[in-house]
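Worksheet: the structure to be examined is printed underneath.
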Amino acid sequence: MTIDILFIWTAFKEIIKALPITLILTILPLLAGFIIGLAVALIRIYKVKFLCRVANGYVSFFRGTPIIMHIMLIYFGFPLLIDQISTKFDLGIQSNSIPIILFVLTALSLSAGAYLSEIFRSGIISVSNGQMEAAYSVGMNSFQAMTRIVLPQAIAQSIPNFTNIFIGFLHTSSIAFIVSQKEMTGAANIVASTNLKFLESFIAAGLIYWGLTIIAEGLSFLIEKKATAYNRGGVQ
Amino acid sequence: MIYLKDIQKSFNQQPVLKGINLKIGKGEVVTILGPSGSGKTTLLRCLNFLEKPDEGIVQVGDIQVKSKKATKREILSLRRQSAMVFQHYNLFAHKTVLENVMEGLIVTKKYKKAEAKRESELLLEKVGLGDKHNYFPSQLSGGQQQRVGIARALALNPEVILFDEPTSALDPELVGEVLSVIKAIAQEGITMVIVTHEMSFAKEVSDRVLFMDGGVIVEEGSPLEIFNAPKEERTRQFLNRISRDFSVSFLEERAN
Ligand SMILES: Nc1ncnc2c1ncn2[C@@H]1O[C@H](COP(=O)(O)OP(=O)(O)O)[C@@H](O)[C@H]1O
Ligand SMILES: [Mg+2]
């Protein structure tokens, strides 16, 4: 077997058309996960009664099981649930009319929430207690102290961790192809099997993922440098 | 003005404050002396409920709070009566010098940004940092950071400013600049409670000196009374030890 270098470029052009789906499958779950993760982290830090246990269980389960499992569970489980609720309350919703991508997005959002909650939690804990106390001493309430003083520092310090999660989820979005989502890996698979040029197609897909990762790392570096400039000391 | 009744506080069943009673009048400058671990910091932190007393009543300005029944709202209004200058400065690390001073004005005093900025610039001028507005705390010396801390406290125009060993984290050559700022504001009639180990500063600046040991106020009086004629044995011992340490370190410095 020889490798058809030119076909890599052909495949590249074909596969990159699926980039929007890959980005949707990466960015939307991370946005949802950002909100879930922040809420879960705060619930666990403040030990909100009852909710705290739910939050602990949630994080433990979703970090303790592979993401592909979450997609499977939701892809096969939610339709059952939806159909039962729908017949019970006569809602007239049919699970097979719901686009599959919504199940995938739900699963990925829940996974992202669990991972991001741990990043928020360690970020918040790493901000020294003195910051919170200073905020109280100038008359802030807990919410103001958290949003104006602690979270900005926690988030700035966590940028490298957020980037790792972003890269992880960019790559993880590829497993959506097992439930027939035509994101980049799915697209590569189609290009590969229709042209019987597997190696070339997956090399092309790999190059795209790699390129995206390098761009994300570069952006992250610039943002982090700017966001944590306050921490570097030395006279201006 | 400030009124404490039977303040008690324990950490892990270990009593740290054993019933503190105290009244401080408007404009009074009170320094608290005492050996390490005697409960000075804890007492100061009970005044703004950074530490919640187990027992007793705390009043600052018009706000009176019964420790046991304190609600969040009461604690917030109590905190808004005072400001604190911390041993380790605790400046908001992600905010510039100017923003550090503005923050309280904007969030708790509801100043407009431009107003807060004008006010803060004046205060920074006053503590000698008119040229450092856009620096971050990490870019300043300890003495400069602590002066920002003082400006941040002054900005709130509080009923009382609480100082917890404001110079003890500083290199010796930076202590003077901070103490002279504190002396200057003491002369403006601002009520202050200062925990310090700087004896000559305490002598000079205080209207009243408290000596604490083992979670109680052992003795109180004018600086003259406490430094020249302490009534209690424990006070005498403490002052002797401090002055001996001072002369030893002074001699060591001369020798080097
Ligand atoms: N948050 C805390 N948890 C447990 N013990 C504490 C805490 N804060 C203070 N203590 C203890 O209380 C005692 C008094 O401390 P502190 O008020 O800081 O004394 P001082 O400021 O006079 O040196 C010390 O024995 C200290 O170990
Ligand atoms: Mg102390």
Test assert for region A:96-137: residues whose accessible surface shrinks by at least 30 Å² between chain alone and all chains, 1.4 Å probe, equal A:Q131, A:E133, A:A134, A:Y136, A:S137
Chain A, Gaussian network, Cα under 10 Å: of A:A32, A:A18, A:A134, the residue fluctuating most is A:A134
Set of lysines near A:K13 by C-alpha distance (under 29 Å), chain-local residues within fewer than 8 positions excluded:
A:K182, A:K197
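Whole number please: convex hull volume per residue of the Cα set in the protein assembly as shown, in Å³? Walk me through the intermediate numbers first.
Working: hull volume 111.1 nm³, N = 492.
That works out to 226 Å³ per residue.
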Alpha-carbon spread of region B:53-129, three principal axes, descending order, Å
41, 28, 23
Per-residue counts of other Cβ atoms within 10 Å, averaged by peptide: what ranking do you get for B:185-192, B:153-160, highest first?
B:153-160, B:185-192
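Filter A:K17/A:K226; A:K49/B:K72; B:K9/B:K40 down to the pairs with a C-alpha to C-alpha distance above 21 Å, please. Please list the in-between numbers first.
On the way: A:K17/A:K226 33 Å; A:K49/B:K72 18 Å; B:K9/B:K40 12 Å.
Pairs exceeding the cut-off: A:K17/A:K226.
Please list, by residue number, every one of the trypsin sites (Lys or Arg not before Pro) in region B:91-145 that is coil in DSSP and has at most 14 other beta-carbon atoms within 10 Å.
Numbers: sites: B:K95, B:K109, B:K110, B:K112, B:K113, B:K117, B:R118, B:K126, B:K132; in loops: B:K95, B:K109, B:K110, B:K112, B:K132.
Listed in order of number, the matching sites are B:K110, B:K112.
Can you list which of the trypsin sites (Lys or Arg not before Pro) found in region A:200-236 are DSSP loop residues with at most 16 other C-beta atoms within 10 Å?
A:R232
Take the Cα radius of gyration of region B:119-171 and divide it by 2.2 N^0.38 Å, with N its residue count; two decimals is plenty. The partial results should precede the final answer.
Values: Rg = 11.2 Å, N = 53, 2.2 N^0.38 = 9.9 Å.
Normalised by 2.2 N^0.38 Å, the Cα Rg of region B:119-171 equals 1.12.
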Surface accessible to a 1.4 Å probe, per residue, for the residues of region A:5-227, Å²:
52 Å²
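Using a 1.4 Å probe over the heavy atoms of the protein chains, calculate the carbon and sulfur portion of the accessible area of region A:5-227 as a whole percent.
Values: 8160 of 11550 Å².
Of the solvent-accessible surface of region A:5-227, carbon and sulfur hold 71 percent.
Among the helices of chain A (complete DSSP H runs), which have Cα atoms covering no less than 24 Å along the helix axis and a Kyte-Doolittle mean of at least -1.0? Mind showing how you got there, number by number?
Working: long enough: A:19-45 (37 Å, 2.39); A:67-89 (32 Å, 1.38); A:100-126 (39 Å, 1.55); A:198-227 (43 Å, 1.10).
Helices meeting the criterion: A:19-45, A:67-89, A:100-126, A:198-227.
Which of rounded, prolate or oblate describes chain B when judged by the alpha-carbon gyration tensor and an a/c cut-off of 1.5? Display every interim value, and only then the final one.
On the way: a/c = 1.89, a/b = 1.14, b/c = 1.66.
In terms of gyration-tensor shape, oblate.
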Taking amide H atoms as placed 1.01 Å from N in the peptide plane, list the residues 5 or more away in sequence, or in a different chain, whose amide H sits under 5 Å from that of B:G215.
none
Gaussian network model of chain A, Cα springs within a sub-10 Å range: biggest mean-square fluctuation belongs to which of A:K17, A:K88, A:K47?
A:K88
Which cross-chain or sequence-distant (5 or more) residues have an amide H under 5 Å from the amide H of B:E28, H modelled 1.01 Å from N in plane?
B:M192
I'd like the mean, over residues of B:108-114, of how many other protein chain beta carbons sit within 10 Å of each residue's own Cβ.
1
Cα-Cα P(r), chain A, percent of pairs per 10 Å interval
7, 24, 28, 22, 13, 5, 1, 0
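Heavy atoms only, probe 1.4 Å: what % of the accessible area of region B:138-185 goes to carbon and sulfur, would you let me know? Write down the numbers at each step before the final one.
Values: 590 of 1370 Å².
On region B:138-185, the fraction of accessible area on carbon and sulfur atoms equals 43 percent.
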In straight Cα distance, which aspartates and glutamates are under 16 Å from A:K47, not counting same-chain residues fewer than 8 positions off?
A:E118
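The values are calculated or read from the model by the stated rules, or taken from the named source; none is laboratory data. Please read these numbers as outputs of a predicted model, since none were measured by experiment. Please note: Cβ atoms are built from the backbone with ideal geometry, for glycine as well, and neighbour counts cover all protein chains shown. Just the protein is used for accessible areas: all its heavy atoms, side chains included, with ligands, DNA and RNA removed. Shrake-Rupley method; radii C 1.70, N 1.55, O 1.52, S 1.80 Å.
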